[in-house]
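Quick notes on the structure that follows.
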Amino acid sequence: MTFLVATAIAIVRMRCLFAVVMLSGIYSLTTAGVFIILDAVDVAFTEAAVAAGVSTMLMLGSLTLTGHRQAPARIAPILPLTVVILTGVVLLWGTSDMPRFGDPEAPVHRHVAPRYIQDSPGEIGVPNMVTSVLASYRGFDTLGETVVVFTAGIGVLALLGIGGRRGRSAKDDPDDVAKRPTDDHE
Amino acid sequence: MDWIGQYNYYVVFFLMMTGFYVVVAQGNLVKKIVGLNIFQSSVFLLYISMGKVQDGTAPILLDGEAVYSNPLPHVLILTAIVVGVATTALGLALVVRIKEAYGTVEEDEIRERDDDA
Amino acid sequence: MNDDIVLTVIGKLLIPFILLFALYVQFHGDFGPGGGFQAGVLFAAGIILYALTNGTAAAMRLIPPGLLAPLAALGVLLYGGVGVATMLLGRHFLNYSVLAQDAVHGQHYGILLIELGVGITVAAVMLLIFFAFTSRED
């Protein structure tokens, strides 16, 4: 956990974006390790594959398109810092009401979770409870999430288009083709 | 109320505020998205911390009696991670288009160009 | 994109295992950690590794982007289709218990099918996004 804090601070301080992206990959991998300690193996798996792998790669891909250096800040970050610290204090104040970490009597564990844990072996017959809750009890949620992923894919396609298609039918995206030559100065 | 019991939450809130700070205070749009990712994963950590049960094990059925951690936060966060990467990709795509249209990804410079226009 | 022989050879060695592991995660998600989301991402990661070692153009020939977009839609449709099928069989939307003789088996089939839908969509969308970014570079 403390390592996470160190990485996060380094991300804030660094101005070379390449290093920032690499650090954010390390950060995700560390998060995955923490998830394993906290018993969330499925989540750790996802975090390692998705956030540390794919996300870092996408960041690198966009860095090659946008440049590696960050311009130095022009204004002193007093106001943002104040806002952030204030919010942080309010949140810390909020933790005083939180149940102790790992407390089996915490409200989170009192509501629907016992039913999932006790009944899902009989009702679904799938050993991995995360899968049974994800796919069966909360099938609606997951359907929604899948649609969100799908929509995001469509959004990226609409914004960027795919180069392979440009060769075949350039007039599909005339705006894109027209813009291309003028963008390469810098 | 001993503070060691809340250590996870403190770290989570620190990370959350770090991400928040990056989002509001840094001008570079790519950096902002990295900050957003930090913020997001701190929320994931918060959820997973809440799902942990003392002496519990991963919620995969074992023979015999066992204490399992709460599977519900795991499910929510699992999907959230994937959706998170999809939205990150969307954000980066927007940044790339901004770069193509303005020639920069620094917020101040973009604003200056808007004022000039 | 990259002519380094070490990268190319190691990449070639690893890709089949990554793809196989993706399929294992996809269909073994009921028993161990895993499921459609992770499998989709792993599958995409295997293809992305191929794209990194052999060039994006080669990967695009392998899996044309024109095929990926319908695949992404197909995954969502498969998921929704399972829901509609359970409705037609007289239960609630996405209540899989009617898909087989007894409820537990029905749940098994339902979970397997919708995880497959999720996996297809996630893999296709991740690859689409990756291709969209990399094809901008040249």
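Quick note: the coordinates plus some simple rules give every number you see, no bench work behind them. All values reported here derive from a predicted model rather than from experimental measurement. Glycine also receives a Cβ, built like all others from the backbone with ideal geometry; neighbour counts cover every protein chain displayed.
Note on A:GLU47, C:GLU115: ascending count of other Cβ atoms within 10 Å places them as C:GLU115, A:GLU47, the fewest first.
Calculate the mean, over all residues of peptide C:68-79, of how many other protein chain Cβ atoms lie within 10 angstrom of the residue's Cβ.
Mean inter-chain Cβ contacts per residue within 10 Å come to 3.
Cβ-Cβ distance of B:GLN54 and A:VAL147, R₀ of 25 Å, FRET efficiency by 1/(1 + (r/R0)^6): the value works out to about 0.10.
Enter the mean number of other protein chain beta carbons within 10 Å of the beta carbon of each residue in C:112-120, as an integer.
Values: counts 2, 1, 7, 4, 0, 3, 9, 1, 1.
Going residue by residue through C:112-120 and averaging, the value is 3.
Could you state the angle between the C-alpha long axis of helix B:29-51 and the longest principal axis of the C-alpha atoms of chain B, as a value from 0 to 90 degrees rounded to the nearest 10? For helix B:29-51, the angle is close to 10 degrees. With neighbours defined as other Cβ atoms within 10 Å of a residue's Cβ, the residues C:LYS12, B:LYS52 order from fewest to most as C:LYS12, B:LYS52.
Per-residue Cβ neighbour counts within 10 Å put C:LEU78, C:LEU62, B:LEU72 in the sequence C:LEU62, C:LEU78, B:LEU72, beginning with the fewest.
Determine the shielding of peptide A:20-28 by partner chains: average, over its residues, the number of Cβ atoms on other chains within 10 angstrom of each Cβ. Could the numbers behind the result be given before it?
Values: counts 6, 4, 0, 1, 7, 0, 0, 5, 5.
So the per-residue partner count for this stretch is 3.
Between A:VAL89 and B:ASP116, what FRET efficiency follows from the Cβ-Cβ distance if R0 is 45 Å, with the result rounded to 0.05?
Values: r = 40 Å, r/R0 = 0.89.
After rounding to 0.05, the efficiency reads 0.65.
Taking amide H as placed 1.01 Å from N in the peptide plane, the amide H of B:ASN28 sits under 5 Å from that of B:GLU107, each at least 5 places away or on another chain.
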